[in-house]
């Protein structure tokens, strides 16, 4: 989607060309794969869980995030919550293993068993004030990610290597 003011001056309103984002059509993005059925049903309202999922979609998204984005918050005012990006967007990824006495977060959840990760997502530690998540929805999303997201498989592979290395070092 482009704004009319972003078109190249040499192009017409009927056949606009854009240069900044796609080098006048030299960059072509691949066609997106269709959404997994489970996710589509949560989005389109055909799942019994759709209303709750859509109402708390940010919490579900955050619980499955593999990294976090550092940012400065803009003071709250009218409108949606925003943050300022200056320069580059970078993702923060901490240790792959939690500190002793801490529960796994972000990508660390992919280094524990799916059952343990499910429990941690549904029952967050004290002090976490996010919206309550439904076990059934978390299970649906977790299963979908394990089947469709190649990073999850990569993390699981690395996780088993880390466990072997820990036992080797001791």
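The values are calculated or read from the model by the stated rules, or taken from the named source; none is laboratory data. Since the model is a prediction, treat every value here as computed from it, not as a measurement. Every residue, glycine as well, gets a Cβ built from its backbone with ideal geometry; the counts of neighbours run over all protein chains shown.
Regarding the range 83-91, can at least one residue be identified that is at pLDDT 75 or above, assigned by the TED database to the domain that holds residue 150 and either surrounded by 10 or more Cβ atoms within 10 Å (Cβ to Cβ) or touching a helix residue (DSSP H, G or I) at 6+ places or on another chain (Cβ under 6 Å) (or both)?
Looking for residues that are at pLDDT 75 or above, assigned by the TED database to the domain that holds residue 150 and either surrounded by 10 or more Cβ atoms within 10 Å (Cβ to Cβ) or touching a helix residue (DSSP H, G or I) at 6+ places or on another chain (Cβ under 6 Å) (or both), one finds none in the range 83-91, hence no.
Is there a residue being modelled with pLDDT of 75 or more, surrounded by 11 or more Cβ atoms within 10 Å (Cβ to Cβ) and closer than 20 Å to residue 145 by Cα anywhere in the range 20-35?
Checked against the condition, which is being modelled with pLDDT of 75 or more, surrounded by 11 or more Cβ atoms within 10 Å (Cβ to Cβ) and closer than 20 Å to residue 145 by Cα, the range 20-35 yields at least one hit.
Name the single residue, out of those in the range 131-170 being part of a loop (DSSP other than H, G, I, E, B) and under 15 Å from residue 109 (Cβ atoms), that is modelled with the highest pLDDT.
It comes out as 133.
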